[in-house]
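**Q** The structure that follows is given in the form of structure tokens.
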Amino acid sequence: MPHIKIPVSTLRPGMYIVDPGISWLKAPLLYMQEGILASTDEINNIILQGFAEAYYDPERSFDETPAAQLPNTPLAVELQHANKIYEDAYANVKNFLESARGGALDLTFARPLVGDIIKSLARNVDALVTLSLLKKTDEYTYAHSVNVTIFAVAFANFLGMPEDRLHNVGLAGLLHDYGKALIPHEILTAPRSLTFQEFETMREHVLLGVEKIKQFSNVEPETIEGIAQHHEKHNGTGYPSRLSGKQIGVFGRVLSLSDVYDALSSKRVYKNPLPPNKALGMMYKMRGQAWAPGYVERFIKMVGIFPVGTAVELSNEHRGIVCRSNTNFPAQPCILVAQDPDGRAIQPQFVDLTRFIGLRITRSLSATESAAFDIPELLGGPA
């Protein structure tokens, strides 16, 4: 599909602007900063700068409409379904990767599993996303594959991808670290920082995985491309191919964001997890370097600065759990307040921060502090 030239007054968030390679001297009023338009503020700034027209690529543009849809199922109800889906996914991924070490390749479990994840996220996106942040396991590799699948499908849906592509990106999430099954176990599970040589060996997992996955006849090319690109960076410093800018496809970008977010917010043997808002803050600082402009901002908007399930402290020193995000005012979610300023448990109270002037979140609690809450029980799901 050809690029389309339109007046800047008709730009909207989600459009992918392209640089047509025209000299500024020949088209001084043409806006040519390539990338996704992240917000109406960005568009207003383009108009204020005096630009008149821009080219956009419909195939790389997205509609944010899905993100505005209200949940079809209450969180407490969907958590019951989501918990079983998560446990089944974890068991299947563990079995698949362990079998892969012995040379067995069987993907029959994958597509039905991705379908279940897509359906759960459609019913209530917060359920599986919350579980991905709460599930605790010493076997990071298996949980990580499940979590990346959840975040990738949720983000792709937020970007407006049709269901067939949600299946493809979900499969890419499940398989993105398949190559790690072919890496020496002592490197994969090292309880320390890797040596330079070990890290070089670890980096080989991308191409090792891609070569194996190409043996499956029913895996779409864009799924394989996403797996191949999930460690590439916008500025060309990633691996294995040092791709940059528009050389990196949408699947590669979606998987990369999902991969890094889960890695930062997960506990490892050599590090504690970062609270979600801290992880997102680190990712925001890498915008334009690790990821194309607009993608980090949209990922943050999808997840929320304080995702559901985050333990927080308020300005009145009470503590509680985020129980509902707020797309329009992401720093003002709804809270289930469950501790008084002295740390004593109280009857949970629902607080909508948009309705209380002066009351705000002062910080996310550490993993140790968060352990004082039974978060699934507070949210109404399985303990």
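**Q** Could you tell me which of the pairs Lys233/Lys285; Lys180/Lys285; Lys278/Lys301; Lys94/Lys301; Lys214/Lys246 are separated by over 25 angstrom between their Cα atoms in the structure shown?
**A** With Cα atoms farther than 25 Å apart: Lys180/Lys285; Lys94/Lys301.
**Q** Match the structure shown to one of the listed values [x] 158; [y] 148; [z] 172 of volume of the Cα convex hull per residue in Å³, computed from it, and give that label.
**A** [y]
**Q** Springs between alpha-carbon atoms under 10 Å, Gaussian network over the chain: tell me which of Ile22, Ile183, Ile300 tops the mean-square fluctuations.
**A** Taking springs between Cα atoms under 10 Å, the residue moving most is Ile22.
**Q** Using a Cα-Cα cut-off of under 16 Å, which lysines could be cross-linked to Lys26, ignoring same-chain neighbours fewer than 8 residues away?
**A** The qualifying lysines are Lys5.
**Q** Right, something else. With a length cut of 24 Å (Cα positions projected on each helix's long axis) and a Kyte-Doolittle mean of at least -1.0, go through the chain and give me the DSSP H helices that pass.
**A** 75-101, 140-158
**Q** Taking other Cβ within 10 Å of each residue's Cβ, how do Leu280, Leu105 sort, fewest first?
**A** Fewest-to-most ranking of Leu280, Leu105: Leu105, Leu280.
**Q** Which distance in Å, rounded to a whole number, links the C-alpha centroids of the range 299-361 and the range 128-196?
**A** Cα centroid of the range 299-361 versus Cα centroid of the range 128-196: 28 Å apart.
**Q** Separate question: Only helical DSSP H runs with n ≥ 4 go in: add -39500 (n - 2.57) per run for the chain, normalise by residue count and round the 222 nm mean residue ellipticity to 500 deg cm²/dmol.
**A** -13000 deg cm²/dmol
**Q** Shifting gears a bit: Gaussian network model of the chain, Cα springs within a sub-10 Å range: biggest mean-square fluctuation belongs to which of Ser61, Ser132, Ser258?
**A** Most flexible of the set in this elastic network: Ser61.
**Q** Still on this model: Once a ≥ b ≥ c are taken as the square roots of the eigenvalues of the Cα gyration tensor of the range 91-202, is the result rounded (a/c under 1.5), prolate (a/b larger than b/c) or oblate (a/b not larger than b/c)?
**A** It is prolate, given that a/c is not under 1.5 and a/b is the larger ratio.
**Q** Once the other residues with Cβ under 13 Å from the Cβ of Ser258 are scored (Lys, Arg +1; Asp, Glu -1), what is the net sum?
**A** Neighbourhood net charge equals -1.
**Q** Report the net charge of residues surrounding Leu30, where surrounding means a beta-carbon distance below 9 angstrom and charges are Lys +1, Arg +1, Asp -1, Glu -1.
**A** Value of the local net charge: +1.
Read-outs throughout are calculated quantities, based only on the coordinates presented, and are distinct from any laboratory measurement. No experiment lies behind these values; they were computed from the predicted model shown. When we count neighbours, we look across all protein chains shown, and the Cβ atoms used for this are built from the backbone with ideal geometry, even at glycine.
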